[in-house]
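The structure under discussion appears below in the form of structure tokens.
The values are calculated or read from the model by the stated rules, or taken from the named source; none is laboratory data. Fair warning: this is a prediction, and the values are worked out from it, not measured in the lab. Note: ideal-geometry Cβ built from the backbone for every residue, glycine included; neighbour counts use all protein chains shown. Calculation scope for accessible area: heavy atoms of the full protein, side chains included, ligands and nucleic acids excluded. Shrake-Rupley method; radii C 1.70, N 1.55, O 1.52, S 1.80 Å.
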Amino acid sequence: GHHVIYCQSRYPNNDTALVMEKVVVDMGACIRDAKERLGYKKVVLAGWSGGGSLSALYQSQAENPTITETPAGEPPSLIDANLIPADGMMFVTGHRGRAHTLTEWLDASILDEQDPSQKDPELDIYNPENPNQPPYSVEFVARYRAAQEARNRRITAWVKDKLAELREAGRPYDEFGFVVHGTMADPKWLDPAIDPNDRRPQWCFLGDPQVVNSSAVGIARFCTLRSWLSQWSLDNTNADGFACAAKISKPTLVVSNTGDDAVPPSHAQGYYDAIPHNNKRIVHIQGANHYYFGQPELLAKSVAVCSAWLHEQSFA
């Protein structure tokens, strides 16, 4: 009973070279078209999964544009993009952002990006001989998280050096592709006491996490320099969903699936807590997994929650 536009970016089904700021411009074109050509008076952004942080980035820049260039120091400027703010926000199983999610999933044991077999055995959670086994100690998890962040920053430093090398060689428009190994090694897949919800143990939304960790379909597996800085760099991305949500003034609904096997409950709560006004609500869909696979009744429940909120807010 609602009119829905699925907004695709200039990077259909391939985020290898995706730059978040350019996707924001694409989303802006869709919203402008809906408002100006199609005549819709109200547009609500429904950011699902990775669309959550994208929608938060878009709305924060539409309400108060501050970004003048990408993290690689290149166009577009979102100040000049004339983005039209949405009238409401729905974060449905939205994660905090690609950089933070990837970092939570990075294999902290990898010591050499060119040879992922070189590992710290005490951080290799898939090594049965590792003395650190689930349930993990608080100290081990803290050490592991610190190593994940350090690995993200090592890749970022290499990316910046490589980009500078190309520019210094008089090739400022060149790109460089690379592989990120080990991208599904979050301890929470093995220890359900970490960021607990109703998810299935020893499992992630793509299947067996140990297999996915080195498979060809892992997130950020194939990257380019500019894309890494915009999407995946913990310190350089503009798409930190929580930071962006803190700048949003419009009515907001947060939907959290309690059986989510991709996005932990702390992300949904983080969005809710970050919204700075009181016209906000968080709803938990009990037992629902990330994609509602095999759960048509829970998908219908999630849709009903969103529909009721849209009517309540006079968006429908």
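So here's what we get for this one:
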item	result
Residue count, region 235-273 (criterion: among the hydrophobic types (A, V, I, L, M, F, W, C), in contact with a strand residue (DSSP E or B) (Cβ under 8 Å, 6 or more places away or on another chain) and surrounded by fewer than 19 Cβ atoms within 10 Å (Cβ to Cβ))	0
Of all residues in region 123-167 being open to solvent by 80 Å² or more (accessible area, probe 1.4 Å) and among the acidic types (D, E), the one that is modelled with the lowest pLDDT	E129
Scan of region 189-234 for residues that are at positive phi and either open to solvent by 40 Å² or more (accessible area, probe 1.4 Å) or of a type in the set (A, V, I, L, M, F, W, C) (or both), ordered by number	D195, Q202, A220
One residue from K41, K35, K22 being out of contact with any Leu (no Cβ under 8 Å at 6 or more places or on another chain) and either modelled with pLDDT under 95 or within 30 Å of I285 (Cβ to Cβ) (or both)	K41
Residue in region 200-233 that is farthest from the chain's Cα centre (by Cα), counting only those that are modelled with pLDDT of 95 or more and basic (K, R)	R226
Candidate set from region 171-188 (those that are of a type outside the set (K, R) and more than 28 Å from P135 (Cα to Cα)); member that is surrounded by the fewest Cβ atoms within 10 Å (Cβ to Cβ)	Y173
Some residue of region 64-87 being within 28 Å of Y292 (Cβ to Cβ) and touching a helix residue (DSSP H, G or I) at 6+ places or on another chain (Cβ under 8 Å)	yes
Of all residues making up region 136-194, the number that are of a type in the set (V, I, T) and either closer than 16 Å to F222 by Cα or in contact with a His (Cβ under 9 Å, 6 or more places away or on another chain) (or both)	6
Of all residues making up region 89-105, the number that are open to solvent by less than 10 Å² (accessible area, probe 1.4 Å) and more than 17 Å from A220 (Cβ to Cβ)	4
Hits in region 22-38 - residues which are of a type outside the set (A, V, I, L, M, F, W, C), over 12 Å from A81 (Cβ atoms) and open to solvent by 70 Å² or more (accessible area, probe 1.4 Å)	E36, R37
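Results for (1) open to solvent by 10 Å² or more (accessible area, probe 1.4 Å); (2) of a type in the set (S, T, Y); (3) under 30 Å from M184 (Cα atoms), shown as yes or no for each residue.
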position: P12; (1), (2), (3): yes, no, yes
position: T16; (1), (2), (3): yes, yes, yes
position: L54; (1), (2), (3): yes, no, yes
position: P85; (1), (2), (3): yes, no, no
position: D107; (1), (2), (3): no, no, yes
